[in-house]
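The structure appears right after this line, and notes come after that.
The values are calculated or read from the model by the stated rules, or taken from the named source; none is laboratory data. Every value quoted in this text rests on a predicted model; they were computed, and no experiment measured them. Here the Cβ positions follow ideal geometry from the backbone for every residue, glycine too, while neighbour counts run over all protein chains shown. What goes into the accessible areas is simple: the full protein's heavy atoms, side chains included, and nothing from ligands, DNA or RNA. Shrake-Rupley method; radii C 1.70, N 1.55, O 1.52, S 1.80 Å.
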Amino acid sequence: MEEEYIRVINITIIGVISWGLIFILIRRIFANYSFDFSTRIVSTLHATTAVVLATLSIQDWSCPVCPIASTSSLRQMETLAFSLSYMIYDLICSHFDQVISIDNAVHHSVCILGFVAGLFYQKCGSEMVAALWITEISSPFLHLREILKEIGYRDTDLNLAADVCFATIFSLARMVGGPYLVYVTISADNPILIKAMALGLQLVSAFWFYKILKMMRYKFIKRSMSNQKST
């Protein structure tokens, strides 16, 4: 038990330092682009790796969230520690940007609290890894749409395709898989803090789902008006 805690702490500390060094390297490579551009590349790297690690940590493919309310496996804890290190790095990094997002700060704080709670209790590893998969699967497309804008593809078909992919994957993951995962987590014998975090995460997802619907509606109206003017 103690060895697992030490390993988790080491992964977290080394991870925070590594993410910082990766950001500095990317910032130097893409010095002509914005601060946000570099952070989004790092975020995409984390999201892709986190989805792969979460997928590899699944114990039962016939029931990806099983075993429910069980002791977390070492691989699951390592996966959670990996993402915890990123969240800590990103929260710190966001304070060096010119524009500090309150929404982003709250989101990261909630995620960090959830990771710490799961690692402390060493329970519900299956549910937490599933939550990580659900929350990160759409992230690469979220960042791609902003990266495309900065490199000159704003308001293009490619940018719209990235928007549609992001909105579709986010909606399916957060508003279909998310409620099911929340139900499983709350109905199982999990710590009350874990249950509260699951419900809180779903409420945040619902809020962003509403904003994404408004964004896509605006995008399609704008594209329709642009096509009418061109004809």
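Sequence-ordered 3J(HN,Hα) estimates for the stretch 171-178 from the Karplus curve with 6.51, -1.76 and 1.60 and θ = phi - 60° stand at 4, 5, 5, 7, 9, 10, x, x Hz, glycine and proline given as x.
By accessible area of protein heavy atoms, probe 1.4 Å, what ranking do T71, T135 get, highest first?
Details: T71 100, T135 25 Å².
Largest to smallest exposure gives the sequence T71, T135.
Counting other Cβ atoms within 10 Å, which chymotrypsin sites (Phe, Trp or Tyr not before Pro) in the stretch 34-106 have at most 13 and lie in a DSSP loop? Counting only loop positions with at most 13 other Cβ atoms within 10 Å, the chymotrypsin sites (Phe, Trp or Tyr not before Pro) in the stretch 34-106 are W61, F96.
Largest accessible area first, the listed residues F115, F30 line up as F30, F115 when surface is computed with a 1.4 Å probe on the assembled protein chains. Heavy-atom accessible area for R7, with the other protein chains in place and a 1.4 Å probe, reaches approximately 120 Å². Extending 7 Å from Cα along the Cβ direction at V164 and again at Y183 yields two label points whose distance is 3.0 nm.
The lysine pair tally for the chain, using Cα distances under 17 Å and a gap of 8 or more places or different chains, is 7.
A Förster radius of 35 Å combined with the Cβ-Cβ distance from C63 to T156 puts the calculated FRET efficiency at roughly 0.25. A 1.4 Å probe, protein heavy atoms only, puts the accessible area of M87 near 10 Å².
Leaving ligands and nucleic acids out of the surface, order C165, C124 by accessible area at 1.4 Å, largest first.
On the way: C165 55, C124 0 Å².
From most exposed to least exposed: C165, C124.
In this structure H108 has an accessible area near 10 Å², from a 1.4 Å probe over the protein heavy atoms. Only Cα pairs under 8 Å and 6+ residues apart enter the sum, and on that basis the relative contact order of the chain stands at 22 percent.
Here the Debye sum runs over all C-alpha atoms of the chain as equal scatterers in vacuum, and log10 of I(q)/I(0) at q = 0.13 Å⁻¹ comes out as -0.82. Under 5 Å between amide hydrogens, built in the peptide plane, is the criterion, and for K123 it picks out S72 among residues at least 5 positions away or on other chains.
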